[in-house]
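Values quoted throughout were computed directly from the atomic coordinates according to the rules given, and no laboratory measurement underlies them. Quick caveat, the model's predicted, so the values are computed rather than measured. FYI the Cβ positions are ideal-geometry reconstructions off the backbone, even for glycines, and counts take in every protein chain you see.
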Amino acid sequence: MSAFTFESFCASAHAQGFDEVVERQWKPGTVVDTHTHPFAVKALVVQGEMWLRVGEPTQHLLPGDTFVLEREVPHDERYGPEGATYWVARRNR
């Protein structure tokens, strides 16, 4: 992955209309059952690995991979043996 920084991710997200940016860290082996969020997201995996299931397809995401979810979209998440960290921009409005 390039020298992309959290600060540059924040600046890009804000320029795209996202109003909140956070870093999420997940412990190894964490499983998050099907749920939704009241906000849209755009995220960049920066460490570890995760699996994101939206409907039938499951995405296996590694550092450098991105994912996007609109608000209220049902999905579930599973994190690898080293856990995972991603930066996520949220559009709350």
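For region 47-59, 3J(HN,Hα) computed residue by residue from phi via the Karplus equation (6.51, -1.76, 1.60; θ = phi - 60°) reads 7, x, 8, 8, 10, 10, 10, 10, x, 7, x, 10, 9 Hz, glycine and proline entered as x.
With a cut-off of 13 Å between beta carbons, the residues surrounding P81 carry a summed charge of 0, where Lys and Arg count +1 and Asp and Glu -1. When only Cα pairs below 8 angstrom with a gap of at least 6 residues are kept, the chain shows a relative contact order of 43 percent. Dimensions of region 1-83 based on its C-alpha atoms, expressed as ranges along the principal axes with the largest first, amount to 31, 28, 20 Å.
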